[in-house]
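This report concerns only the one structure given below.
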Amino acid sequence: MVRTQLLVVGGGPAGLCGAIEASKRGVETLIVDEGVELGGQLVKQTHKFFGHEGFYASVRGFEIAKKLKDQLNEHVKIMLQTTVTGIYEDVVVLYDRQNDVTLEVQADYILLATGASERFIQFENNHLPGVYGAGAVQTLMNQFMVLPGKRFLMVGSGNIGLIVSYQLLQAGAEVAAIVEIADKVGGYDVHLRKVKRFGIPILLRHTIKKALGQERVTGAVVVQVDENFQPIEGTEKEFAVDAICIATGLVPSVELAAMANVKIEYVPELGGFVPYRDQNMRTNVEHVFIAGDLAGIEEATTAMIEGRIAGLTIAQLIKEIDLSKEIESLQKELIEFRSGPFSEKVRRGLAKFFPQRVVEYSREPQTDTGPIGKLRPVIECYENIPCNPCQTSCPTGAIEVPKNINSLPRIDYEKCTGCGICVSKCPGLAIFMVQENVEPGFDLVIVPYEMLPLPEKGERVIALDRDGKYVCEAQVIKIVRFPHKTNLVHLKVPAGFAAQVRNFRVKKRESVFVCKCEEVTLEEIEKAIDLGFTDYEELRRYLRVGMGMCGGRTCRASVLSILSRRLGKSPEELLKGHFRPPVMPTKFESILRGESNEN
Amino acid sequence: MRRIFEHPILKRETARTVRFYFEGRELEALEGETVAAALIANGIDVFGETEHARPRGFFCAIGKCSSCLMVVDGEPNVRVCITPVKEGMKVQRQFGRSDVSW
Ligand code: SF4
Ligand code: SF4
Ligand code: FES
């Protein structure tokens, strides 16, 4: 039997923050987590957080996890790879998977921060390997740096769907499309803009109908829906993808709370069945508290604040000290965070537990884009989200988020010195710098860039607009690198394009081609062979070499000789690959015409 | 072969490699990663079959959905998405519910 004053179930942002506040006041705390690492979902968040600096705005999620872990002290014990299997009246049972034993814990207080699980949706073949929860893809690519596919279909356009799409691009994958069943995108506008700038199509009023494949996903069928979300026949579109990512929402993991006798209520606005709690995160069971996604699906900042409130309240009870000031100020913080339009649903849900208050904010967007010809930032942040690093990062106080953190930022061009700090700090990548006529015939556009490869100084790139469409050719004249990895790329564009260019694409560098039709290089083929692709057919499927218009006449022999060289096999030992009709590309129309001639 | 080597934000920490066995095949993994990550990195997507012979892969990666159950060192029903890979580990696909161990 283990004894502890506080048992925290779940080492994510909410649980960690609860443990931090309690342990700081000397409460003996035990954190139990199922995973291999503390931090919960933070460890796979590579984007910078919104909010304000008091809660790590503009810091990347996995870095926040580190900062939180560092705040734990000697009063905290941690058990990883351990699952709480049951909560009984007098004891909590843990299963320690590393040692394959179960243990019993007695705790004076329990903070449940068990988070949520991915909402599963129904479509044909949704069991196939290659259908992943968006969180799973994030875990693989950002925690373990493994990419489970090359081309993805994203289902759902909430913040998770948008963020994971962007992160897939960063990891080198393609996103064929984002499908969204509603008639508008669910996530933040700034996240939406980030993926649009790379030309990812967004299909509204569409949903997935079917995953294709026998053993694993090889494609997906998407269909349009009517106002009642019913599929419209005949509108099916097929996508050749090797992974399908489901980002259709989260469901609070309430089972332990229910076992602890906490009242579970159905509040769809908070994610479905959620435990009852009050403003201090206390449930109807005196010694049981909850925080984070379990208490209602929101985001990490509110989870952290809730965790802190719970931890402080518990410390106050155990240590009999007065922490009401700290608690009140955090509650105020929550009210501010939840005052924006995005939290309307959450407020409606929470109103079932206790009355909600909101604070005023300003909705007025900046209308002027500043004095033509001056080097200056242009802020393209048009939605009231709780965020203000633009304001706090500006050394001259030129940016103001008036009244409240949910207001839209406004810039005073008189005060701005053009330093560019705000551009690199904005977690929404919503700020750009422009200067018209930087030299005769040319404008300057500075874009925040978080992709690879980075272009080189002097390189010519393809300038893109807000929808990822071609605008013009541009030249990279400078790259300013930042330790937090949002680099600023300075583009010289033809005069008149400063207001249009918001992204760019690096042109493919010079290479040695083996297959010109499909643009497959020698380097790619050699890499693929080293990865274990050892015959022509495999290479053809993996790289599309030989699948172009020439039918492999130009490249088959080359590929075979590369194979023979690389594998040290003689040409006779190699499979030469199939030869399939048609020998030259033939139009379906001509085939059809042939048919009709017969009749 | 599905590992990400270059990333604009993340740095690959140089990890020790460990060897494990998937259905007798010797594969390489990085110390500290989960069995699921190691399998996916090696191009293995099918972790087993359901009772009705449908292929199963993994879905949630955080131990919540039970879609990734495999037989690890003879023990069935191991969630490989939250089980770190170890040197010499023997991993097998699980068919149906497998034999229950006590
Ligand atoms: S460019 Fe520099 S001075 Fe101007 S608003 Fe941004 S941070 Fe402030
Ligand atoms: S412009 Fe300011 S408020 Fe908008 S996303 Fe960027 S930092 Fe946040
Ligand atoms: S993938 Fe969901 S439990 Fe392992």
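Within 28 Å of A:Glu298 (Cα to Cα) and either of a type in the set (Phe, Trp, Tyr) or within 16 Å of ligand 3 (Cβ to nearest atom) (or both): does that describe A:Tyr382? Yes, satisfied. Within segment A:59-105, the set of residues being within 12 Å of chain B (Cβ to nearest Cβ), polar (S, T, N, Q) and not in a strand (DSSP E or B) comprises A:Gln81, A:Gln98. Using the structure shown, decide if B:Asn77 is within 13 Å of chain A (Cβ to nearest Cβ), polar (S, T, N, Q), at positive phi and surrounded by 15 or more Cβ atoms within 10 Å (Cβ to Cβ). Spelling it out, B:Asn77 is indeed within 13 Å of chain A (Cβ to nearest Cβ), polar (S, T, N, Q), at positive phi and surrounded by 15 or more Cβ atoms within 10 Å (Cβ to Cβ).
Here is a yes/no grid of residues against (1) surrounded by fewer than 18 Cβ atoms within 10 Å (Cβ to Cβ); (2) more than 16 Å from A:His52 (Cα to Cα):
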site	(1), (2)
A:Pro341	yes, yes
A:Glu344	yes, yes
A:Leu350	no, yes
A:Tyr361	no, no
A:Pro365	yes, yes
A:Gly370	no, yes
A:Gly373	yes, yes
A:Arg376	no, yes
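Screening A:Ile405, A:Ile446, A:Ile411 for residues that are modelled with pLDDT of 95 or more, closer than 30 Å to A:Arg338 by Cα and either within 16 Å of ligand 3 (Cβ to nearest atom) or of a type in the set (A, V, I, L, M) (or both) leaves exactly one candidate, A:Ile411. Residues that are within 14 Å of another protein chain (Cβ to nearest Cβ) and closer than 11 Å to A:Ser393 by Cβ were ranked within segment A:407-437; the one that is farthest from ligand 2 (Cβ to nearest atom) is A:Ser424.
Assess whether B:Glu6 counts as being more than 8 Å from chain A (Cβ to nearest Cβ) and either at positive phi or modelled with pLDDT under 95 (or both). The answer is no for B:Glu6.
Would you check if there is a residue in segment A:249-256 being small (Gly, Ala, Ser), farther than 30 Å from A:Asn284 by Cα, touching a strand residue (DSSP E or B) at 6+ places or on another chain (Cβ under 8 Å) and in contact (Cβ under 8 Å) with a residue 60 or more places away in the chain? Break it down into steps so the answer makes sense when it comes.
Pass one, segment A:249-256, residues small (Gly, Ala, Ser): A:249, A:253.
Imposing the further condition that a residue be farther than 30 Å from A:Asn284 by Cα reduces the set to none.
No: zero hits.
Taking the stated definitions as given, is A:Gly199 more than 10 Å from chain B (Cβ to nearest Cβ), part of a loop (DSSP other than H, G, I, E, B) and free of Cβ contacts under 8 Å to residues at least 40 places away in the same chain? Considered against the rule, which asks whether it is more than 10 Å from chain B (Cβ to nearest Cβ), part of a loop (DSSP other than H, G, I, E, B) and free of Cβ contacts under 8 Å to residues at least 40 places away in the same chain, A:Gly199 comes out as no.
Here A:Arg363, A:Arg277 are screened, and the one residue that is part of a loop (DSSP other than H, G, I, E, B), basic (Lys, Arg) and under 30 Å from A:Lys415 (Cβ atoms) is A:Arg363.
For segment A:33-55, residues that are under 24 Å from A:Val137 (Cα atoms) and in contact (Cβ under 8 Å) with a residue 60 or more places away in the chain total 12.
The values are calculated or read from the model by the stated rules, or taken from the named source; none is laboratory data. Since this is a predicted model, take the numbers as computed values, not measurements. No Cβ is skipped: glycine too gets one built from the backbone with ideal geometry, and neighbour counts run over all protein chains shown.
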